[in-house]
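Novice: A single structure is presented below for examination.
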Amino acid sequence: MIKKLTILLEACSPLVKLHMCSEQGQIWNFEITQKNIKYDGTAMISIVKFLLRMFGFGLLAIAIVVGIADASRSIAESQIMFKPLGQLWFEMSPETLNLSQAVIQRYVHPTVWDPMLQTFLTWPAWAVFAGIGVLFLLIGARRQKRRFRYA
């Protein structure tokens, strides 16, 4: 039984050498060449796509909750009422709204806040969350395997 294992890893460009020494003095040497290790990056892409899909589903869930709240408010008031994104953001956290306005106007450009983001903040919150959620779902969608269909 090995109680203590000392591992020394030497990384050379074409070769990785691994020397392991146990407490009893046994030495194992392993060599791994680049031919044995293949990484094409598809695992990282699939993880990012999975995270985009999960974030998209979360945004769609938020859109449904905000839409139901707008629908219940509209029924109670007997008229159609949509809560704008800016009003929802101000009710949830007014400090971050003011901070983001100051940061965007000071460090990005004042015209980014005034015509672009202010119109974005006047849109209904459920529509903004649903639109961004669908966009993330489309970006993170799995690739369809090509199947040949014969007539």
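The values are calculated or read from the model by the stated rules, or taken from the named source; none is laboratory data. Treat the numbers as computed from the prediction; the structure is a model and nothing was measured. Here the Cβ is made from the backbone with ideal geometry for all residues, glycine too, and neighbour counts use every protein chain on show. Note: accessible area is taken over every heavy atom of the protein model, side chains too, but ligands, DNA and RNA are not part of it. Shrake-Rupley method; radii C 1.70, N 1.55, O 1.52, S 1.80 Å.
Novice: Largest first and in whole Å, what are the equivalent-ellipsoid semi-axes of segment 44-151 based on the Cα gyration tensor, each being the root of 5 times an eigenvalue? The partial results should precede the final answer.
Specialist: Numbers: eigenvalues 206, 101, 31 Å².
In descending order, the three semi-axes are 32, 22, 12 Å.
Novice: Right, another one. What FRET efficiency do you get for Val112 and Tyr150 if R0 is 41 Å and r is their Cβ-Cβ distance, rounded to the nearest 0.05?
Specialist: Details: r = 53 Å, r/R0 = 1.28.
So the FRET efficiency works out to roughly 0.20.
Novice: Contact order normalised by length for segment 38-151, with contacts defined as Cα pairs under 8 Å and 6 or more residues apart; what percent is it?
Specialist: Details: 85 pairs, mean separation 53.1, N = 114.
This gives 47 percent for segment 38-151.
Novice: Explain nothing, just compute: Karplus ³J(HN,Hα) = 6.51 cos²θ - 1.76 cosθ + 1.60, θ = phi - 60°, for every residue of segment 78-93 in order, whole Hz, x for Gly and Pro.
Specialist: Running phi through 6.51 cos²θ - 1.76 cosθ + 1.60 with θ = phi - 60° gives 6, 7, 6, 9, 10, 7, x, 4, x, 5, 4, 5, 5, 6, 7, 7 Hz.
Novice: Assuming R0 = 30 Å, can you tell me the calculated FRET efficiency for the pair Ile47 and Arg73, based on Cβ-Cβ distance, to the nearest 0.05? Could you put the intermediate results ahead of the total?
Specialist: Values: r = 39 Å, r/R0 = 1.31.
Calculated transfer efficiency: 0.15.
Novice: Would you kindly give the portion of the calculated P(r) for segment 74-124 that falls above 13 Å, as a percent of all Cα pairs?
Specialist: In whole percent, the share of Cα-Cα pairs in segment 74-124 beyond 13 Å is 63.
Novice: Then there is this: So for segment 45-92, what are the equivalent ellipsoid semi-axes in whole Å, largest first, each being the square root of 5 times an eigenvalue of the Cα gyration tensor?
Specialist: On the way: eigenvalues 181, 29, 8 Å².
Rounded to whole Å, the semi-axes are 30, 12, 6.
Novice: Here's another thing I want to ask about it. Whole-Hz ³J(HN,Hα) for each residue in segment 62-77, computed from phi via Karplus 6.51 cos²θ - 1.76 cosθ + 1.60 with θ = phi - 60°, x for glycine and proline: what do you get?
Specialist: For segment 62-77, the Karplus-derived couplings read 5, 4, 5, 5, 5, x, 5, 5, 5, 5, 5, 5, 5, 5, 5, 8 Hz, x marking Gly and Pro.
Novice: Sorted by accessible area with a 1.4 angstrom probe, largest first, how do Ser100, Ser46 fall?
Specialist: Reading off the accessible areas and sorting them downward yields Ser46, Ser100.
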